[in-house]
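The values are calculated or read from the model by the stated rules, or taken from the named source; none is laboratory data. Computed from a predicted structure; not experimentally measured. All Cβ positions, even for glycine, are placed from backbone atoms using ideal geometry, and neighbour counts span all protein chains on display.
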Amino acid sequence: MESNPKITRTELASDLGVAESTISNHISSLIADVYIAREGSKKTGVWVILRK
């Protein structure tokens, strides 16, 4: 996400070799803990790293 803020959940799952549902669960946790946020629309938005 840091190197490619426009990456999709499907691309992340493929790159990491895990199920898309696994990626969704981890992203939900990161959003809830305020580590990342999504800015913009679902189609053209980007991921923003809020803290490391």
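For the reader, a short list of remarks on this structure follows.
- Some residue of the range 7-18 being assigned to a loop (DSSP other than H, G, I, E, B) and more than 10 Å from the chain's Cα centre (by Cα): yes
- Within the range 9-37, residues that are within 14 Å of I49 (Cβ to Cβ) and modelled with pLDDT under 95 reach no partner that is aromatic (F, W, Y) and assigned to a helix (DSSP H, G or I) with beta carbons closer than 6 Å at six or more positions or on different chains.
- Residue count for the range 21-44, restricted to those that are more than 11 Å from the chain's Cα centre (by Cα) and either among the aliphatic types (A, V, I, L, M) or surrounded by 13 or more Cβ atoms within 10 Å (Cβ to Cβ) (or both): 3
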